[in-house]
Amino acid sequence: MTKKWWKEAVVYQIYPRSFMDSNGDGIGDLNGIISKLDYLKDLGVQVVWLCPVYQSPNDDNGYDISDYREIMNEFGTMQEWETLLSEMHRRGLKLIMDLVVNHTSDEHKWFVESQKSKDSPYRDYYIWRDGNGDAPPTEWQSYFSFDAWQYDETTKQYYLHLFSKKQPDLNWANPAVRAEVFDLMKFWLDKGIDGFRMDVINAIGKPNVFDGAYFVPDDRKTHEYLQEMNRKVLSKYPGIMTVGETPGVTPQTAALFTDERREELNMVFHFEHMGVEGDKYSLNRFRLTDLKRILSKWQTELGENAWNSLYLNNHDQPRMVSRFGNDGEYRVQSAKMLATMLHTMQGTPYIYQGEEIGMTNVPFSSLDDYRDIETLNWAKESRLQGKTDEELLLVANRKSRDNARTPMQWSNAQNAGFTAGTPWISVNPNYPEINVESDLRNPDSILNYYKKLIQLRGQYDVIVYGDFKEYFTESEQVYCYTRTLGNEKLQVFLNFTAEPVVLPLPQELIPEKANPLLSNYAGQPEVKSGQLNLRPYEALVYYCELA
Ligand code: GLC
Ligand code: CA
């Protein structure tokens with residue numbers, strides 16, 4: 001396995017709208033981020049992934065870009081962005097920017113031109129089709145509910161939008177589109193950024209024939225486009241990192257995007273574990289054996305030449321502690337337990353803002369509190385299908401993306417110290433208890449535990465590069481695995497339940513002879529005569545050097 005800086009790094013994801021507001025308009029901004037760089041440095045992360053900060057009408061909070069070379073007015077100016085970058089570099093932090101090029105905003109000048117006539121030189125920048133009689137060209141549904149096609153009066157054709165109708169899909173088959181994208185990538189790389197996170201990048205390969213009940217990407221094309229991108233752009237900036245967002249991939253298809261010999265991407269985000277409850281809007285609690293099967297498979301099946309990214313939440317998912325842990329009595333223990341898992345697997349861990357203090361899902365009491373277009377469209381469509389607002393609220397409070405988008409909780413001051421004005425989305429009412437200031441003061445806080453995890457990663461190669469082996473695969477209570485590198489061995493025990501668990505230890509797992517490296521409980525772990533007693537949500541990590 002080759003050594004790379006981005007394999008050894010921990011990434012922190014910032015959703016700028018909700019991170020820190022510096023001027024009291026209720027919206028997070030670049031100066032707000034600058035004011036928190038010391039906090040990030042102190043946390044110990046090496047990389048920041050900044051969600052989109054480009055000019056945008058904000059139909060989807062910046063994922064609908066109207067100008068790739070300008071900063072969103074609400075977030076600040078290009079000069080402030082330059083300051084952000086240099087202040088980050090001064091502290092040894094790297095910056096990766098979000099590259100959203102499966103689609104643009106319908107207010108982007110390319111689309112405005114494209115819409116004007118069938119002969120526009122920009123027509124072919126997007127995907128236009130005749131209808132099927134009175135119906136859209138295909139039955140495809142958008143990921144944000146309703147049709148994936150929008151009829152346009154001017155030319156009496158439909159355009160494709162896999163997301164909202166204000167996010168028309170670019171036509172990557174057109175070499176002019178690819179040239180534009182490569183150009184704008186160079187624009188940012190030349191400013192000195194350290195890489196890109198690429199939004200839904202496996203959707204850029206559109207099939208030759210449009211049919212079927214839903215959109216199925218053509219990976220062969222995406223591979224071609226990415227290899228071209230590599231030749232023309234990425235390879236010219238050695239040392240940068242890339243991570244692609246790729247819903248639907250398996251370890252085998254992900255390896256095609258990330259195998260270093262193929263020269264496409266460094267790593268991808270897969271979504272298998274995000275589907276562990278089945279349907280996206282399911283209220284079921286996951287089964288531990290399902291979660292473990294998925295995560296362990298990715299540990300062992302991706303192969304020697306590819307690399308994992310590790311995450312349990314982001315700006316599109318509910319909060320990790322509410323979903324996979326316990327956001328009541330065992331919030332602190334379970335948040336630390338989940339963090340232990342993420343930071344002791346093979347791959348690059350991503351921390352989503354607020355995760356490091358155990359922020360939870362929102363207890364909104366009305367659908368009116370929601371802002372996310374995906375949630376709002378889904379509610380609209382579900383109402384048409386006869387669902388009551390009560391039912392919808394229950395689901396939204398568990399699954400909406402807004403669970404992750406409430407303002408960062410900095411302190412117990414008004415609005416959690418996020419803004420002096422009115423926040424664009426309500427603050428989670430638990431901020432007096434859950435906030436950065438109180439976690440900084442408390443040596444046993446979740447935040448301080450994250451710092452420890454990040455430090456350990458820097459000290460032990462086995463955490464980064466070690467091979468993975470799982471034990472007790474059938475257990476619905478405990479996730480247990482080892483990592484091995486040369487003569488170094490790590491043993492990890494994670495109790496996923498609110499009950500104590502007694503674990504009989506096989507010969508190879510003998511914690512008595514190993515040194516406890518980390519635990520989320522105070523005092524010594526309970527090991528006696530071949531068995532380990534794990535307390536509720538206990539996480540234990542042992543380290544030993546083999547003879
Ligand atoms: C990605 C982003 C998500 C966005 C969508 C459309 O999934 O993470 O926030 O809504 O793409 O750009
Ligand atoms: Ca602001």
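Annotations for the structure displayed:
- Selected from VAL181, VAL462, MET241, residue furthest toward positive end of dipole (the chain; charges at beta carbon): VAL462
- Note on MET1 and GLU391: with the Förster distance fixed at 45 Å, the Cβ-Cβ geometry gives a FRET efficiency of about 0.40.
- Nearest 10 degrees, 0 to 90: helix 219-232 Cα axis against the chain principal axis: 90 degrees
- Its alpha carbons give region 391-547 an Rg and a Dmax of 19.8, 61 Å.
- Ranked by the mean number of other Cβ atoms within 10 Å per residue, highest first, peptides 294-301, 269-276 order as 269-276, 294-301.
- Region 447-540: C-alpha gyration tensor shape, a/c 1.5 cut-off, then a/b vs b/c: oblate
- Considering only VAL45, MET20, PHE75, the residue lying farthest towards the positive end of the dipole of region 8-78 is VAL45, judged by Cα position with unit charges set on Cβ.
- The Cβ shell under 10 Å around GLY421 holds other residues with a net charge of -2, Lys and Arg each +1, Asp and Glu each -1.
- Ligands, DNA and RNA excluded, the heavy atoms of THR138 present near 10 Å² of accessible surface to a 1.4 Å solvent probe.
- Cα-centred dipole magnitude for the chain, charges only on beta-carbon of K, R (+1) and D, E (-1), debye, nearest 20: 1200 debye
- With DNA, RNA and ligands ignored, accessible area of TYR542 (1.4 Å probe; Å², nearest 10): 0 Å²
- For the Cα trace of region 9-152, dividing Rg by the Kirkwood Rh returns an Rg/Rh value of 1.09.
- Between GLU82 and LYS191, full extension at 0.36 nm per residue minus the direct alpha carbon distance yields a gain of 38.4 nm.
- Charged-residue dipole, Cβ positions (Lys, Arg, Asp, Glu), region 78-190 about Cα centre, Debye nearest 20: 280 debye
- Across the chain, Cα-Cα pairs farther apart than 43 Å form 17% of the total.
- Length added when fully stretched, ASP219-LYS156, from 0.36 nm per residue minus Cα-Cα: 19.6 nm
- Principal axis analysis of the Cα atoms in region 330-434 yields extents of 45, 38, 24 Å, listed in decreasing size.
- 0 to 90° range, to nearest 10: angle between helix 288-301 axis and the chain longest Cα axis: 80 degrees
- Mean-position separation - Cα centroids, region 315-340 and region 44-89, in angstrom: 29 Å
- In degrees, nearest ten, helix 389-399 long axis to first principal axis of the chain (Cα): 60 degrees
- Accessible area of region 273-332 belonging to carbon and sulfur atoms, whole % at 1.4 Å probe: 44 percent
- Distant-in-sequence amide H partners of THR348 (H built 1.01 Å from N, under 5 Å): ASN308, SER309, LEU310
- Length-normalised contact order for region 76-232 - Cα pairs under 8 Å, 6+ apart - percent: 25 percent
- Helix-derived mean residue ellipticity, 222 nm - over the chain, DSSP H n ≥ 4, -39500 (n - 2.57), to 500: -8500 deg cm²/dmol
- Rounded to the nearest 10 Å², the accessible area of GLU391 at probe 1.4 Å: 80 Å²
- Leading residue at positive end of dipole, the chain (Cβ point charges), from PHE472, ASN314, SER86: PHE472
The values are calculated or read from the model by the stated rules, or taken from the named source; none is laboratory data. Just so it is clear, the structure is predicted and the values come from calculations on it, not from any experiment. Note that we place each Cβ from the backbone using ideal geometry, even for glycine, and neighbour counts take in every protein chain shown. The accessibility values were calculated without ligands, DNA or RNA, using every heavy atom of the protein model including side chains. Shrake-Rupley method; radii C 1.70, N 1.55, O 1.52, S 1.80 Å.
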